[in-house]
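These notes concern the structure reproduced below.
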Amino acid sequence: MKKQTLYLVFIMLLISHFGFAGSISEYVLISGKFLIPENNTNEINLLKAEDGKTIVVATSKINASKEFGFMLPIVDPGFYYIDYGQFKKRQQLIRLYLEPKQDINLSISENSYVLTGKNIGQNALVQKANEIYNDFGHFCDVPKYNTTYKDFYPFIDGGLAKAETFKKSINTKDKVFNKLLKLAVDTDVEDLSYLFFMMPRTEHPEKDNRPAVMKQWQSNIKFKDPDLLKLANGLSLMSHYFSYIKMTEENPVGRLDYLAEAITHISDPALKDAFLREGIQNSRLRIEEYEKIAPKIRPYLISDASKAFLVEYEKELHKNVGQKGFEFKYNDINDKPVSFSDFKGKFVYVDLWATWCGPCKVEIPHMKKLEEDYHDKNIVFISLSLDKAKDIQKWKDFVKKEDLKGIQLMADKDFESDIAKNYGVNAIPRFLLFDTEGKIINTNAMRPSESGLREELDKLLKV
């Protein structure tokens, strides 16, 4: 009796503290205990599936007794996810289908959880679906890169059979729930199967050595059901599917055509909208790339969320254009100081690189050819090394050995140098382009190896 009284007091305190309106029956109560002693997590998040991915809707502190709790209103039933740090690693999935009036208790161990409570709804069934996810997720668990196709291939037939058998058992009175849970199982299985082939491995299969089911899953119009957006991995499935197709095609579409090509295989407008918004956000398109692709994809970005996103995205994309470039001064290989302002009146193309950087070295022959072809034009090419200060002689020797042309400089503090911090450089190679007044044209310019760079330079130089 004392426990029930304390429980009611807890509820009333929550209501008074958070100002909940309406009947208590509109809310879900989730309480639990964290049974992983070696994990120092001090809070747990409750995530909600929205637009095909997750958002945090509540956070609970874990007290000294490792207990936590949530109380929240539920307007529309749907999937929610418990995240204590394992979620993004694709480790144990704790997915819940929440509806009003539920009272759920969770006891969370490292690889499993015990589900109890006065009203757990359909979550015993959801827990079985979560186990199937975990079976497949084991092969994509971030720390387990050494799990190879030799382990996955013997598993997949049995894993698929288990999933199909389970789907046949989903037959509650709630037809909306039945459909969504079946879709969730299919999405889990496909998403993790496609992802498996994109994770780093110690052993890789031959290109044509794939389970037969992978081919069976392919379809001209692959994505039709807007309910994918009610799943945490709805967008993930679409992204991993198209990446897998691109990876296995003989003649994959180029970077700029990827998004436009992908949406031809999506029929539902809401799916197209969400997929494109996420794709643009993650693609790190340059200004000139976005301007080329925008006319092909903007008509499909129809939601208020996407329209608002585009306004902010385009503002961010162009925020530095026309601003004065950073005034740097670094030494050349003869220890002579050279300043950015020394080149006023010329266009300036800066290559941020290092002697240890493989992709940077790939660009060197193309950079040499650019310098040769444009040597009599109104443009200067600066190669600015972000090598560590202790490697200054290594850099000088490399410049001489490779007979590098143009202006060769070395920054003073590698990635902590002012120029790197000013332009937010955390990966190289990186290329910067400035006009004759030293103002920014692009702080993420095209590489020397990209044909589009010559088109841009010719336009600027009026060649």
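Points to keep in mind about this one:
- Rolling a 1.4 Å probe across all protein chains gives E131 an accessible area of roughly 90 Å².
- For the chain, size of Cβ-based charge dipole, Lys and Arg +1, Asp and Glu -1, in debye: 760 debye
- Karplus-derived HN-Hα couplings along the stretch 61-68 (A = 6.51, B = -1.76, C = 1.60, θ = phi - 60°), whole Hz, x at Gly and Pro: 6, 9, 7, 4, 8, 6, 9, 8
- Estimated distance in nm for a label pair at L35 and D435, the labels positioned 7 Å out from Cα along Cα-to-Cβ: 6.7 nm
- Within a straight-line Cα-Cα reach of under 14 Å, K207 can be paired with the following aspartates and glutamates, leaving aside sequence neighbours fewer than 8 residues apart in one chain: E249, E250.
- Among the listed pairs K128/K182; K173/K222; K344/K401; K377/K459, those with a Cα-Cα distance over 20 Å are K173/K222; K344/K401.
- Helix 175-196 and the longest principal axis of the C-alpha atoms of the chain enclose an angle of approximately 40°.
- Note that the stretch 97-149 shows a convex hull volume over its alpha carbon atoms of 81 Å³ per residue.
- Cα centroid separation, the stretch 181-217 to the stretch 245-301 (Å): 22 Å
- 0 to 90° range, to nearest 10: angle between helix 304-317 axis and the chain longest Cα axis: 30 degrees
- Anisotropy class assigned to the stretch 193-294 is oblate, per the alpha carbon gyration tensor with a/c at or over the 1.5 cut-off and a/b no larger than b/c.
- Nearest-0.05 FRET efficiency for K459 and V75, computed from C-beta distance (R0 51 Å): 0.45
- For the stretch 341-463: rounded, prolate or oblate by the Cα gyration tensor [a/c cutoff 1.5]: prolate
- Residues in the stretch 259-272 carry Karplus couplings, in order, of 5, 5, 5, 4, 6, 6, 9, 10, 9, 7, x, 5, 5, 4 Hz; the curve used is 6.51 cos²θ - 1.76 cosθ + 1.60 with θ = phi - 60°, and Gly or Pro positions show x.
- Between 0 and 90 degrees, the angle of helix 287-297 with respect to the longest Cα principal axis of the chain falls at about 50 degrees.
- Aspartates and glutamates with Cα under 16 Å of K162, excluding same-chain neighbours fewer than 8 positions away: E131, D135, D186, D188, E190
- Spin-label zone in the stretch 329-369 - amide nitrogen under 15 Å from a point set 7 Å from the Cα of D397 along the C-beta vector: 355-356
- Taking 0.36 nm per residue of sequence separation and removing the Cα-Cα distance, the T116/E372 pair yields an extension gain of 84.8 nm.
- Virtual paramagnetic centre 7 Å along Cα→Cβ of S449, amide N under 11 Å, in the stretch 352-373: 358-367
- Largest accessible area first, the residues T355, T248, T116 order themselves as T116, T248, T355 under a 1.4 Å probe with ligands, DNA and RNA left out.
- No disulfide-compatible partner, judged by a Cβ distance under 4.7 Å, exists for the following cysteines of the chain: C140.
- A Förster radius of 30 Å, combined with the Cβ-Cβ distance separating F155 from K215, puts the computed FRET efficiency at roughly 0.95.
- Three-way shape call for the chain based on the alpha-carbon gyration tensor, with the a/c threshold at 1.5: prolate
- Cα centroid separation, the stretch 339-407 to the stretch 27-103 (Å): 51 Å
- Those lysines that a straight Cα-Cα span of less than 16 Å connects to K175, excepting residues fewer than 8 apart in one chain: K167, K230
- Carbon/sulfur fraction of accessible area - the chain, other protein chains in place, 1.4 Å, %: 52 percent
- Residues in the chain average 52 Å² of solvent-accessible surface per residue, probe 1.4 Å, ligands and nucleic acids excluded.
- Close amide H partners of M410, meaning residues 5 or more places away or on another chain with modelled amide H under 5 Å apart, are N331, S385.
- Solvent-accessible area of I245 with every protein chain in place, 1.4 Å probe, in Å² to the nearest 10: 30 Å²
- Full extension of the chain between K207 and S169 gives 10.1 nm of extra length, using 0.36 nm per residue less the Cα-Cα distance.
- FRET efficiency, 1/(1 + (r/R0)^6) with R0 25 Å, evaluated for R284 and V56 via beta carbons: 0.55
The values are calculated or read from the model by the stated rules, or taken from the named source; none is laboratory data. Source: prediction; values computed, not measured. Here the Cβ is made from the backbone with ideal geometry for all residues, glycine too, and neighbour counts use every protein chain on show. Protein only, heavy atoms only, side chains kept; ligands, DNA and RNA dropped before computing areas. Shrake-Rupley method; radii C 1.70, N 1.55, O 1.52, S 1.80 Å.
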